[in-house]
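Chemist: Let me give you the structure first, and then I'll get to my questions.
The values are calculated or read from the model by the stated rules, or taken from the named source; none is laboratory data. In this text, all values refer to a predicted model and were calculated from it rather than measured experimentally. Cβ: placed from backbone, ideal geometry, glycine included. Neighbour counts: every protein chain shown. Keep in mind that these areas ignore ligands, DNA and RNA; they rest on the heavy atoms of the full protein, side chains included. Shrake-Rupley method; radii C 1.70, N 1.55, O 1.52, S 1.80 Å.
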Amino acid sequence: SARRKLLNAIFDVIQGIVKKHNVKMVKMVRHAINKECCLNNYITSHNLFELHRYHMLYYVQNTLIIDLSLANDKLNDNVSKYLRRYIKRSEKRGVKINIFNSNNNADKLKELFYKFQSAHATATGGITRPQLTWDCQYKRMLNEEATLFVAFVDETPVSYLYCAEFYYFAIGGSQVNTKEFEKFYTPRSLLEWSALLYYKSKGFKYYEIGE
């Protein structure tokens, strides 16, 4: 009952803003993983649909979330033969994964982040989102809230994966390959597999691959 009263008070404020500014649409996002899930090591749909009583229309998106409490061999068993083949191929062809955040290779963090941003612009054919979003991503890395995983061939970065972090939950947020290396080295699978194992080693509970 206390939760319902608090939500009612919050929505009273929202309704006031809606009326004052003649707002036509309000969008809210709820995720299956939250602080409670991370601290208590379980996923629940409890309260996930509580906003329905405020006449909100739901749109549900399915996403893949890996349980990092599983043993490494079990995690490996859950990887398809198709992707496992790519992982082994990348390793045989000399792809190495380096980790960049405020605690790992911090002296090269800025350099590699801007290479990541540049690679994204090249792959998409131009700038696709405001610079402010990139600045926010970089700031998260400085605040120990994100990590950049980079696949290298010798000294050349060939693939990047940016992961956001929330309590004991990590999300694969943005990924890009350098096109001229993509087909031969197929680095994407090894990159994400390495990220998953990194978070497991750090005691994270869940890793989200995406929709």
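Chemist: Of all the accessible heavy-atom surface of the chain, with the other protein chains kept in place and a 1.4 Å probe, what percent is carbon and sulfur?
Modeler: 53
Chemist: Once you put a point 7 Å from the Cα of ASP77 and another 7 Å from the Cα of LEU57, both along the Cβ direction, what distance in nm separates them?
Modeler: Between ASP77 and LEU57, the label points sit 4.4 nm apart.
Chemist: Reachable lysines from LYS108, Cα under 19 Å, same-chain residues fewer than 8 places away excluded?
Modeler: In chain and number order, the partners are LYS96, LYS139.
Chemist: Let me have the 222 nm mean residue ellipticity of the chain computed from DSSP H runs of 4+ only, each contributing -39500 (n - 2.57), with the sum over all residues rounded to the nearest 500.
Modeler: Result for the chain, helices only: -13500 deg cm²/dmol.
Chemist: May I pose another question? How far is helix 2-21 tilted, in degrees, relative to the longest principal axis of the Cα atoms in the chain, given as a value from 0 to 90 rounded to the nearest 10?
Modeler: Once rounded, one gets 90 degrees.
Chemist: OK, next. What distance in nm separates the two pseudo spin-label positions at ALA121 and GLU211, each 7 Å out from Cα along the beta-carbon direction?
Modeler: Computed distance between label sites ALA121 and GLU211 equals 2.7 nm.
Chemist: Take the cross-link list LYS74/LYS183; LYS24/LYS205; LYS110/LYS205 and give me the ones stretching past 32 Å between alpha-carbons.
Modeler: Listed pairs above 32 Å: LYS24/LYS205.
Chemist: Counting heavy atoms of the protein chains only and a 1.4 Å probe, report the per residue accessible area for the chain as a whole number of Å².
Modeler: Normalised by residue count, the accessible surface of the chain is 65 Å².
Chemist: Any idea what angle helix 81-92 forms with the longest principal axis of the chain, computed on alpha-carbon atoms, 0 to 90 degrees, nearest 10?
Modeler: For helix 81-92, the angle is close to 50 degrees.
Chemist: Right, here's the next one. For ASN104, which sequence-distant residues (separation of 5 or more, or a different chain) have an amide H within less than 5 Å of its own amide H, given hydrogens modelled in the peptide plane?
Modeler: Those lying under 5 Å, H to H, from ASN104: there are none.
Chemist: Between VAL13 and PHE152, what length comes free when the chain is fully extended (0.36 nm per residue of separation minus the Cα-Cα distance, one decimal in nm)?
Modeler: 45.0 nm
Chemist: Mind giving me the nanometre distance, one decimal, between the label points for ARG4 and ARG85, set 7 Å out from Cα along Cα→Cβ?
Modeler: About 5.6 nm separates the two model spin labels.
Chemist: Right, next: Can you give the FRET efficiency for GLU145 and ASN22, using 1/(1 + (r/R0)^6), R0 = 35 Å, r = Cβ-Cβ distance, to the nearest 0.05?
Modeler: Efficiency computed from Cβ-Cβ geometry: 0.45.
Chemist: Among 104-113, 119-128, how do they line up from the highest to the lowest mean number of other beta-carbon atoms within 10 Å?
Modeler: 104-113, 119-128
Chemist: What angle, in degrees between 0 and 90 and rounded to the nearest 10, separates the Cα long axis of helix 131-142 from the longest principal axis of the Cα atoms of the chain?
Modeler: On a 0 to 90 degree scale, this one is about 80.
Chemist: Moving on. Give, as ranges by residue number, the residues of the range 98-122 whose backbone N falls under 18 Å from the point 7 Å along Cα→Cβ of ASP135.
Modeler: 110-111, 113-115, 117-118
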